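> Got a structure for you, written out below as structure tokens; questions coming shortly.
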Ligand SMILES: NC(=O)c1ccc[n+]([C@@H]2O[C@H](COP(=O)([O-])OP(=O)(O)OC[C@H]3O[C@@H](n4cnc5c(N)ncnc54)[C@H](O)[C@@H]3O)[C@@H](O)[C@H]2O)c1
């Protein structure tokens, strides 16, 4: 866990806009240097300029999280500027969804590569460095409430965000013995440009503007985003949660009931299994094996 933030460095993917920029602001106000890494270089530079006016030490770097080497180059640049990194926000993300037959292969590839593999790349690039400096560190992986519940029409987005929750749960246990924290950020709607994420769509996935976010450009989802909470509130909440060593970072406590309904349905399914004649003959179940930090090859 990180006790002292002052003078340390936070690296934030998707730092050019929305929640990433807000987390950077929050860590910057706590005295950290912040690196804004974004596929949109000019957005990252503009964000860095905005934060520097608040006396926050910033650096903007362009990177595409789908490409491990691009992230590794951004990390190398960060170390050249600030020496070490202690906090990594694997936050860059995009949204796409809609009726099942309307979601193309390239939609699936794009969202999985950015939202899921982008987080994996961020972990793999920075973990050796954080292990090496032995001063502790913290990863904040941005999932969503869509990583907890799956409303119809949001399956591609939810699939990636459930994965981010799952990976973060496992990694937090793996890395805790090394004084490296992992949190998973699960906001509801936040007022950002996520509904316009087609602007960051790379050529290999069809190019920018092809699809416009949740529900194929639905104005309803755009409206929900635009009436979401202020990203700076999320930034402040993240700092508080990292200080407190929280694994799940929720920002919309009013959504508790939606989650409770899902858990209750799952528990009912266990009741069914307990009463199942088909399972009656089974006397014991093998435990799920766990990996400890010491098991590392
Ligand atoms: N806004 C919401 O309501 C909401 C709710 C829950 C979770 N989230 C998540 O928050 C995260 C941040 O999104 P936001 O809402 O701030 O949206 P945003 O569109 O305002 O910001 C996303 C940033 O990520 C960058 N980006 C996109 N693809 C990238 C790539 N391949 N490599 C590097 N950078 C890339 C974009 O250029 C942009 O600056 C995402 O993971 C999103 O899924 C958003």
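The values are calculated or read from the model by the stated rules, or taken from the named source; none is laboratory data. Just so it is clear, the model here is predicted, and its values are computed rather than measured. Here the Cβ is made from the backbone with ideal geometry for all residues, glycine too, and neighbour counts use every protein chain on show.
> One residue is enough: does the range 60-68 have a residue meeting the conditions crowded, with 24+ Cβ neighbours inside 10 Å, within 15 Å of the ligand (Cβ to nearest atom) and not in a strand (DSSP E or B)?
Yes, because at least one residue in the range 60-68 is crowded, with 24+ Cβ neighbours inside 10 Å, within 15 Å of the ligand (Cβ to nearest atom) and not in a strand (DSSP E or B).
Okay, residues lined up against (1) within 19 Å of residue 250 (Cβ to Cβ); (2) under 16 Å from the mean Cα position of the chain (by Cα):
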{"position": "142", "(1), (2)": "yes, yes"}
{"position": "148", "(1), (2)": "yes, yes"}
{"position": "179", "(1), (2)": "no, no"}
{"position": "200", "(1), (2)": "no, no"}
{"position": "205", "(1), (2)": "no, no"}
{"position": "220", "(1), (2)": "no, no"}
{"position": "227", "(1), (2)": "yes, no"}
{"position": "237", "(1), (2)": "yes, yes"}
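> Can I ask one more? Residue by residue through the range 10-23, note down the ones that are within 11 Å of the ligand (Cβ to nearest atom) and either in a helix (DSSP H, G or I) or more than 12 Å from residue 141 (Cα to Cα) (or both).
From the range 10-23, those within 11 Å of the ligand (Cβ to nearest atom) are 12-23; that's our starting set.
Scanning the range 10-23 gives 15, 16, 17, 18, 19, 20, 21, 22, 23.
> Still on this structure, please answer the following. Scanning for something crowded, with 24+ Cβ neighbours inside 10 Å, over 19 Å from residue 196 (Cβ atoms) and out of contact with any strand residue (DSSP E or B) (no Cβ under 7 Å at 6 or more places or on another chain), does the range 31-42 turn up at least one residue?
No, the range 31-42 contains no residue that is crowded, with 24+ Cβ neighbours inside 10 Å, over 19 Å from residue 196 (Cβ atoms) and out of contact with any strand residue (DSSP E or B) (no Cβ under 7 Å at 6 or more places or on another chain).
> Could we say that residue 269 is modelled with pLDDT of 95 or more and at negative phi here?
Spelling it out, residue 269 is indeed modelled with pLDDT of 95 or more and at negative phi.
> Next up: In the range 233-253, what count of residues is obtained for those that are touching a residue at least 24 places away in the same chain (Cβ under 8 Å) and farther than 23 Å from residue 1 by Cα?
Going through the range 233-253 one residue at a time, the tally reaches 1.
> Could you grab me the full set of residues in the range 187-200 that are over 19 Å from residue 235 (Cβ atoms) and touching a helix residue (DSSP H, G or I) at 6+ places or on another chain (Cβ under 6 Å)? Talk me through it step by step, then tell me what you get.
Step one: list which residues in the range 187-200 are over 19 Å from residue 235 (Cβ atoms), which gives 195-200.
The one that is over 19 Å from residue 235 (Cβ atoms) and touching a helix residue (DSSP H, G or I) at 6+ places or on another chain (Cβ under 6 Å): 195.
> Just need a number here: residues in the range 113-134 that are closer than 17 Å to residue 78 by Cα and more than 16 Å from the ligand (Cβ to nearest atom).
Kept after step one, since they are closer than 17 Å to residue 78 by Cα, are these residues of the range 113-134: 121-133.
Restricting the remaining residues to those that are more than 16 Å from the ligand (Cβ to nearest atom) gives 127-133.
Total satisfying the criteria: 7.
> Since residue 97 meets every condition but one in (1) within 24 Å of residue 170 (Cβ to Cβ); (2) within 14 Å of the ligand (Cβ to nearest atom), which condition does it not meet?
(1)
> Can you name every residue in the range 73-92 that is within 18 Å of the chain's Cα centre (by Cα) and either more than 12 Å from the ligand (Cβ to nearest atom) or over 23 Å from residue 235 (Cβ atoms) (or both)?
Correct list: 75, 85, 86, 87, 88.
Each row is one residue, and each column tells you yes or no for (1) within 11 Å of the ligand (Cβ to nearest atom); (2) buried (at least 17 other Cβ atoms within 10 Å of the Cβ).
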{"position": "148", "(1), (2)": "yes, yes"}
{"position": "182", "(1), (2)": "no, yes"}
{"position": "199", "(1), (2)": "yes, no"}
{"position": "240", "(1), (2)": "no, no"}
{"position": "248", "(1), (2)": "no, no"}
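> So residue 226 ticks every box in (1) more than 9 Å from the ligand (Cβ to nearest atom); (2) touching a residue at least 24 places away in the same chain (Cβ under 8 Å); (3) crowded, with 17+ Cβ neighbours inside 10 Å but one. Which box is left unticked?
Only one criterion in (1) more than 9 Å from the ligand (Cβ to nearest atom); (2) touching a residue at least 24 places away in the same chain (Cβ under 8 Å); (3) crowded, with 17+ Cβ neighbours inside 10 Å is unmet by residue 226, namely (3).
> Let me ask something else about it. Report those helices (runs of 4 or more DSSP H) wholly inside the range 105-213 carrying at least 2 residues which are free of Cβ contacts under 8 Å to residues at least 24 places away in the same chain. Show your work before the answer.
Values: elements: 105-111, 118-133, 155-175.
By residue number, 118-133, 155-175.
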